[in-house]
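The structure appears below as structure tokens.
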């Protein structure tokens, strides 16, 4: 799955990769992003591709119960995005890209799990396939933008660590994903060499800790799972 990730991103690099419109922004680096917090999302706006902050955890427009009763919607399983009640409306017209510097997964028994960090070897941001929604906060009535990361079966390399992983797109395909007629064709595992991995500090195990600390992604030793 993908329950924690990082965004230490450059506006200029995202503008180049995604052909963003809008005024440049100083993007605060984040190293331990947890569900329900704000994340940066690339969506197709009226005038072009724009970078917009959204809640991580999609809330469909029809949801009327208190937000705290919303099930975990920070990930959408690829098998359900076209038919699941939470996702199908967004899948039709509100597909997005969630740029990420990397993400975390854990191995080992409960209570002593080891955190691993996964990032692209070339240092370029990952283009994670996502969905977004425009709704209103059920308690306050204020506008609410929210998003989810799509996850699917892991490729062979990733299966040493976890059976599922985020759907990672090529930046050249993001236009087809956000506005193409056959988005499902892009929802497949990435190439085997798409990611690199190392063990990091167990401090990342606690949400809300180290979000502004780059030391959180520093290698703590060679992965025992690696070949």
- Indicate, rounded to the nearest 5 percent, the antiparallel portion of the DSSP beta bridges found entirely in the chain. 85
- Message: If I build a Gaussian network model for the chain, linking alpha-carbon pairs within less than 10 angstrom, which residue out of 166, 153, 109 has the largest mean-square fluctuation?
- Response: 109
- Note on the structure: Once both label points are put 7 Å beyond Cα along the C-beta direction, the residue 107-residue 140 separation in nm becomes 4.2
- Task: Can you pull the one-decimal nm distance between simple spin-label points at residue 212 and residue 10, each 7 Å off the Cα toward Cβ?
- Result: 2.3
- Item | Efficiency of FRET between residue 191 and residue 124 - r from beta-carbon atoms, R0 22 angstrom, step 0.05 | 0.95
- With a/c under 1.5 counting as rounded, go ahead and sort segment 144-227 into rounded, prolate or oblate using the C-alpha gyration tensor (a ≥ b ≥ c being the square roots of the eigenvalues; past the cut-off, prolate if a/b is larger than b/c, else oblate). oblate
- Message: So for segment 1-129, averaging the separation of alpha carbon pairs under 8 Å that are six or more residues apart and normalising by length, what relative contact order in percent results?
- Response: 26
- Taking only C-alpha pairs under 8 Å that are 6+ residues apart, what is the relative contact order of segment 5-217 in percent? 23
- Task: Return the single residue from 60, 138, 190 with maximal mean-square fluctuation; model: Gaussian network over the chain, springs between Cα atoms under 10 Å.
- Result: 138
- Considering only 139, 13, 82, give the residue with the highest GNM mean-square fluctuation for the chain, with springs between Cα atoms whenever their separation is below 10 Å. 139
- Residue exposure sequence - 21, 149 - by fewest surrounding Cβ within 10 Å: 21, 149
- Item | Residue-averaged [θ]222 nm for the chain, counting only DSSP H segments that reach four residues, each worth -39500 (n - 2.57) | -2000 deg cm²/dmol
- Query: Which whole-number percent gives the relative contact order of segment 130-227, counting Cα pairs below 8 Å spaced six or more residues apart?
  - Reply: 19
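Computed from the coordinates by the stated procedures, all read-outs in this text should not be read as laboratory data. This structure is a prediction, so every number in the text was calculated from the model and none was measured. Quick reminder, even Gly has a Cβ in these numbers, built from the backbone with ideal geometry, and neighbours come from all protein chains shown.
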